[in-house]
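Trainee: Handing you a structure now.
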Amino acid sequence: MRFKWPAKLQGVHPRQNKNTANSAIEKIRGFDTVSIPLDMQFGPGCESLVKKGDHVEIGQKIGEPLGAWCVPIHASVSGTVKSVKKEILSDGTPVEYVNIDSDGKDSVSAEVKPPQVHDRADFLAAVRASGLVGLGGAAFPTHVKMNPPPGKTIDTLIINAAECEPYITSDHRICLEYPQQIIKGITLTCHYLNIPTAVIALEDNKRDVVTVLQREIDKVKGTLDYPEQGISITVLPTQYPTGAEKVLIKLVNERIVPEGGLPADVGVLVQNVGTIRYVGEYFETGMPLVSKIITLDGSAVQKPGNYEVPIGAIIEDVVEKSGGCRTEIAKVIMGGPMMGVSIDDLSRSILKANNAILMLDEKDATLPTEIACIQCGRCTFACPMLLMPTTLDKAARAQDISKLNDYHVMNCIECGCCTYVCPSKRYLLQNIRIGKTLVKQASKN
Ligand code: SF4
Ligand code: SF4
């Protein structure tokens, strides 16, 4: 293990609010119904393999991928398909949903078997068949991320266990409760993808994880799959946004991903710790990705905690089964308070990429009124991507595509540090997101 204290790390120190760090993961089952969207990843979605009235079992494939970048979708409860119909996501996108009425039996499909893998191609095919996408929030198909373009060689696998967002502790609990599966996922990935080094990176507010993971690393040292140059643990200072992929790569091994480039350009593959845990588990059990471990917290929640729930469970039902609300909800956020997105109603489903649901009361949800910029420069100083947020904000408000490009808006990782530090409470991130959308639209024309 090594400790890394960079001379200068841009970012911020929001209140951590890791209220649920000691809450063991609790499985919640017994949902009467689930509503599974057939598009919940980066890239194209799936087409339905089932229709109204069909009986389905847990792990049965219900969505066939519509392209090489897509992964299949599986039933998360056993029961009867109530409907397959288009619904509108919070962001306005129409998506087909498979709605299943549970029979309460939780019977498992005969399709569920541990995969037989002999080489790299088998491994990537199995990862795809599991339905796995990045579980840290990006929902990028894992089999694509694990297979860099020709000519790129990966020499380091970084396991992202930083979990720098306030409130969220699901990855922390995964490290404490599933260390064997995490190390199994790492050794399998390194073995089949021929990666010689693995580094588990976490923040120093999770030191209890180090002993637990090191014990598991020691157990597999010298085995056939153990990476040539080993598995190490790097402890980083607690500072937001340590867990942002490009920031993490810079902190762990001093490499800088070029503008518009990928981690593979600097020989790195980054996987979220929940994703790699799932790889280890899938190769043991063969159970596709049908459940998700999430943190449920916020001032409106009665019993904050970490819960494992079926994918497609309705958020309202999850809250109800966890103990309900203590007060009226004013805002619901999918993800953390810095990078999460607010959703419009509780009838939304738990998706593969969800790692937290925050429910805030009126006091915590109220947005301050923005006032004029006082040119203090704090936003620029805080930006981990060395951008000029106030210039991007102005360019986005003016819909000035050329200026947005000149000031590298697409390099923004949407961390929200600029908005967090702004004394004038400018809606910087909100406008920069709009700016990125404008640039994307303009590039299509
Ligand atoms: S400009 Fe983007 S990357 Fe920079 S602090 Fe703001 S949100 Fe983060
Ligand atoms: S932090 Fe806010 S007030 Fe200061 S320069 Fe940036 S936008 Fe202006």
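Trainee: Do you know which residues across segment 321-352 are open to solvent by 30 Å² or more (accessible area, probe 1.4 Å), farther than 15 Å from Tyr167 by Cβ and not aliphatic (A, V, I, L, M)?
Mentor: Residues satisfying the conditions are Lys321, Gly323, Cys325, Arg326, Thr327, Glu328, Asp344, Asp345, Ser347, Arg348.
Trainee: Select from segment 370-405 the residues that are without any contact (Cβ under 8 Å) to a residue 60 or more places away in the chain and away from ligand 2 (no atom under 14 Å from the Cβ) and write down the one among them that is most open to solvent (accessible area, probe 1.4 Å).
Mentor: In this case the residue turns out to be Gln399.
Trainee: Go through Pro150, Pro114 for me and flag whichever is farther than 26 Å from Leu351 by Cβ and outside any helix (DSSP H, G or I).
Mentor: The match here is Pro150.
Trainee: Might you let me know whether segment 274-295 holds any residue that is in contact with a strand residue (DSSP E or B) (Cβ under 7 Å, 6 or more places away or on another chain), open to solvent by 10 Å² or more (accessible area, probe 1.4 Å), in a loop (DSSP other than H, G, I, E, B) and closer than 19 Å to Ser23 by Cβ?
Mentor: No, because not a single residue in segment 274-295 is in contact with a strand residue (DSSP E or B) (Cβ under 7 Å, 6 or more places away or on another chain), open to solvent by 10 Å² or more (accessible area, probe 1.4 Å), in a loop (DSSP other than H, G, I, E, B) and closer than 19 Å to Ser23 by Cβ.
Trainee: I'd like to check something: does segment 103-114 contain any residue that is touching a strand residue (DSSP E or B) at 6+ places or on another chain (Cβ under 6 Å), at pLDDT 95 or above and within 17 Å of Cys46 (Cα to Cα)?
Mentor: There is no residue in segment 103-114 that is touching a strand residue (DSSP E or B) at 6+ places or on another chain (Cβ under 6 Å), at pLDDT 95 or above and within 17 Å of Cys46 (Cα to Cα).
Trainee: Going residue by residue through segment 323-339, is there one that turns out to be within 16 Å of ligand 2 (Cβ to nearest atom), modelled with pLDDT under 95, over 25 Å from the mean Cα position of the chain (by Cα) and not in a strand (DSSP E or B)?
Mentor: no
Trainee: Next question, about the same structure. Against the conditions (1) surrounded by fewer than 22 Cβ atoms within 10 Å (Cβ to Cβ); (2) not in a strand (DSSP E or B), where does Val84 fall short? Just the number, please.
Mentor: (2)
Trainee: I need a count of the residues in segment 354-364 that are open to solvent by 20 Å² or more (accessible area, probe 1.4 Å) and not polar (S, T, N, Q).
Mentor: Residues meeting the conditions: 4.
Trainee: If you don't mind, another one. Residues being buried (at least 21 other Cβ atoms within 10 Å of the Cβ) and within 6 Å of ligand 1 (Cβ to nearest atom): count how many of those fall in segment 413-427.
Mentor: Adding up the residues that qualify gives 4.
Trainee: Quickly run through segment 406-428 and pick out the residues that are within 27 Å of the chain's Cα centre (by Cα) and more than 11 Å from ligand 2 (Cβ to nearest atom).
Mentor: Correct list: His408, Val409, Met410, Asn411, Cys412, Ile413, Glu414, Cys415, Gly416.
The values are calculated or read from the model by the stated rules, or taken from the named source; none is laboratory data. Not measured: the values here are computed from a predicted model. Positions of Cβ are generated from backbone atoms using ideal geometry, with glycine treated the same way; all protein chains shown enter the neighbour counts. Only protein heavy atoms, including side chains, enter the accessible area calculation; ligands, DNA and RNA are left aside. Shrake-Rupley method; radii C 1.70, N 1.55, O 1.52, S 1.80 Å.
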